[in-house]
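Taking it in order: structure first as structure tokens, then the write-up.
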Amino acid sequence: MSNRSFFTAGLICLFIFSGLGVRAETLPNVVLIFADDLGYGDLGCYGAAKVQTPNIDKLASEGRRFTDAHSASAVCTPSRYGLLTGEYPFRAQGGKGIWGPCGHFQSLLIDTDKLTLGQLFKNKGYATAAVGKWHLGFGSGKTDWNQPLRPGPLELGFDYYFGVPKVNSGYPYVYVENDSIVGYDPNDPITFKKPFSVTTTYPEVAGKKSENKVGGAKKAHAIYDDEKTGPLLVEKAVDWINKQVGDRNTRHSTPDTSAPFFLYFPTTNIHHPFTPAPQFKGTSQCGLYGDFIHEFDWMVGELVQCLEKNGLSENTLIIVTSDNGGMFNRGGQDAFAAGHRQNGDLLGFKFGVWEGGQRVPFIAKWPGHIEPKTVSDQLISGVDMLATFAALTGQQVAEKQLADSINVLPALTGEPEAPLREELVLMPRQSSHVSIRKGKWVYIPAKGAGGFKGKPGTHGAGGPACASFVGSVNSDIENGKIKKGAPPAQLYDLKADVNQTRNLYNEFPEVVKEMQALLATYRPASGVAKKRKNK
């Protein structure tokens with residue numbers, strides 16, 4: 001059965017089998033927690049020993065943990081694009097694609113006509129909110145930070161937005177609520193001229209934070225505090241959930257189950273700089289990196305506790321996942337020195353196409369629908385959330401809007417005998433390394449990982465040098481460099497060799513040829529994105 005046929009069948013089954021969905025009058029709330037740079041090995045339930053993540057581990061024990069989940073990209077901004085739109089990021093911007101973090105003046109990267117997770121839920125009557133890191137741009141041209149930041153989240157289906165507009169390591173170092181900078185004073189507008197305004201700074205051990213190059217807006221800058229950001233995002237999310245419950249109870253004597261909510265909660269944890277609130281400092285066994293994970297685990301626990309207090313736990317689907325794998329920056333290197341493996345034994349790091357760059361934790365809990373203490377090896381991706389949530393809410397969506405998204409709801413609520421997703425495009429920082437996964441095989445059309453290549457000790461550490469440094473074994477790498485005479489591309493059998501120790505390019509030429517042809521149907525040699533139906 002094709003993936004598209006499976007999607008159609010899933011919609012039909014949605015209203016027939018309680019195990020695959022719910023009736024329209026009992027639509028679940030959905031809380032999607034999207035961590036930043038949380039690696040495959042950063043949680044206790046995925047094998048971490050130097051950090052303790054009891055709240056997330058409890059979710060895993062009460063729900064399902066996935067071992068073959070992937071982010072839409074190995075980079076933050078394109079990964080968020082793929083998650084919210086269900087479209088591979090290389091198709092964005094008319095085929096130019098989105099490859100790296102968006103800039104300080106980036107216009108909104110998502111076309112307001114494109115269906116997003118926010119709009120999908122809103123179309124079904126959900127209250128919707130995005131609380132956390134946005135990093136997808138604002139406005140229709142060069143961002144004017146002194147004007148309402150629109151179009152933005154509010155034009156993409158979210159009723160409410162609060163959070164960090166870009167990334168916590170880059171200016172303008174302000175918070176945004178809906179379309180306005182928090183604490184904005186029109187008499188003291190933002191400028192990009194000296195003297196630059198004072199913002200919080202941290203010692204080098206916390207990791208890289210770019211110097212503020214924004215002047216003015218002194219009040220707004222004074223409000224922004226890295227060490228208070230995590231707790232503040234939790235406060236805003238909890239307040240918003242409480243408001244939904246209050247609004248329901250005001251309208252009805254009993255909770256209004258026909259008006260559920262969707263909360264998209266993209267955290268700044270655990271992206272550098274590593275700035276946990278004081279109560280979390282020194283609580284892990286691998287430095288500030290681990291302490292920041294501890295704060296993230298606490299944040300998850302606070303949201304779960306809020307749901308429990310409001311009697312919402314039984315009818316809420318909670319998902320915890322990440323925008324890409326862990327980055328081997330200052331914090332990651334310090335954590336490694338203390339015995340922590342942020343991506344487990346997987347090869348590679350954030351920005352690269354090797355498994356460590358884009359295979360991520362994915363945990364889902366939904367009482368009565370997801371079997372507790374279960375593990376799934378189904379291949380799934382961040383781009384699949386759009387089709388999955390469409391099936392969850394009983395909506396039929398045009399194939400054009402579904403883009404590259406596959407309904408994986410049966411993998412959450414059941415035990416499909418066959419793979420739901422037959423193939424998956426993998427996106428690193430460099431377009432030359434866009435790769436293809438089919439079944440057990442992954443094909444990378446170049447040498448290396450297509451991400452950072454810096455040596456240990458640098459912020460942009462990655463690639464072969466760091467693979468060797470952490471003890472990863474790969475047949476193409478020797479002493480931190482690609483061997484002379486290494487194959488021109490890479491082929492791995494992930495079923496037998498998930499850690500990608502042996503490049504099989506020369507041993508299976510017929511598989512290489514098949515994978516090359518398959519990849520070309522997505523990204524032809526010209527590099528221009530090609531629309532292709534999922535089969």
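The values are calculated or read from the model by the stated rules, or taken from the named source; none is laboratory data. No experiment lies behind these values; they were computed from the predicted model shown. For neighbour counting, all protein chains shown are included, and Cβ atoms are generated from backbone atoms with ideal geometry for every residue, glycine included.
What to note about this one:
- Within segment 163-187, if we keep just the residues that are within 26 Å of residue 244 (Cα to Cα) and in contact with a Gly (Cβ under 8 Å, 6 or more places away or on another chain), the residue that is surrounded by the fewest Cβ atoms within 10 Å (Cβ to Cβ) turns out to be 179.
- Taken together, 425, 442, 434 contain a single residue that is closer than 28 Å to residue 330 by Cα and β-branched (Val, Ile, Thr), which is 434.
- On the stretch given as segment 181-209, residues that are of a type in the set (Asp, Glu) and over 28 Å from residue 152 (Cβ atoms) total 1.
- Of the strands (runs of 3 or more DSSP E) lying entirely inside segment 364-461, the ones with 3 or more residues being buried (at least 21 other Cβ atoms within 10 Å of the Cβ) and at pLDDT 95 or above are found at 423-426, 435-438, 441-444.
- A residue that is modelled with pLDDT of 95 or more, of a type in the set (Gly, Ala, Ser) and in contact with a strand residue (DSSP E or B) (Cβ under 8 Å, 6 or more places away or on another chain) occurs nowhere in segment 134-146.
- Summed over segment 498-535, residues that are modelled with pLDDT of 95 or more and either loosely packed, with under 13 Cβ neighbours inside 10 Å or not in a helix (DSSP H, G or I) (or both) total 15.
- Restricting attention to segment 102-118 and to residues that are surrounded by 18 or more Cβ atoms within 10 Å (Cβ to Cβ) and under 19 Å from the mean Cα position of the chain (by Cα), the residue that is modelled with the lowest pLDDT turns out to be 102.
- Residue in segment 188-216 that is surrounded by the most Cβ atoms within 10 Å (Cβ to Cβ), counting only those that are part of a loop (DSSP other than H, G, I, E, B) and of a type in the set (Ser, Thr, Tyr): 197
- Qualifying residue in segment 142-159 (condition: outside any loop (DSSP other than H, G, I, E, B), assigned by TED's automatic domain parsing to the domain that holds residue 97 and under 18 Å from the mean Cα position of the chain (by Cα)): yes
- Selection status of residue 64, of a type in the set (Lys, Arg), assigned by TED's automatic domain parsing to the domain that holds residue 407 and touching a strand residue (DSSP E or B) at 6+ places or on another chain (Cβ under 7 Å): yes
- Subset of segment 217-246 [out of contact with any strand residue (DSSP E or B) (no Cβ under 6 Å at 6 or more places or on another chain), of a type outside the set (A, V, I, L, M) and either touching a residue at least 12 places away in the same chain (Cβ under 8 Å) or crowded, with 20+ Cβ neighbours inside 10 Å (or both)]: 218, 219, 221, 224, 225, 226, 227, 228, 229, 230, 231, 242
- Test for residue 356: is it closer than 30 Å to residue 415 by Cβ, out of contact with any Cys (no Cβ under 9 Å at 6 or more places or on another chain) and not hydrophobic (A, V, I, L, M, F, W, C): yes
- Residue in segment 108-120 that is under 21 Å from residue 224 (Cβ atoms), of a type in the set (A, V, I, L, M, F, W, C) and in the same structural domain as residue 75 (by TED's automatic domain parsing) present: no
Residue-by-condition table, conditions (1) modelled with pLDDT under 95; (2) among the β-branched types (Val, Ile, Thr):
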| position | (1), (2) |
| --- | --- |
| 228 | no, no |
| 235 | no, no |
| 240 | no, no |
| 254 | yes, yes |
| 258 | yes, no |
| 272 | no, no |
| 283 | no, yes |
| 288 | no, no |
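- Any hit, segment 121-128, residues being within 17 Å of residue 237 (Cβ to Cβ), part of a loop (DSSP other than H, G, I, E, B) and touching a Pro at 6+ places or on another chain (Cβ under 6 Å): yes
- Within segment 82-97, tally of residues that are assigned to a loop (DSSP other than H, G, I, E, B) and within 15 Å of the chain's Cα centre (by Cα): 3
- Residue in segment 331-351 that is at pLDDT 95 or above, within 24 Å of residue 412 (Cβ to Cβ) and assigned to a helix (DSSP H, G or I) present: no
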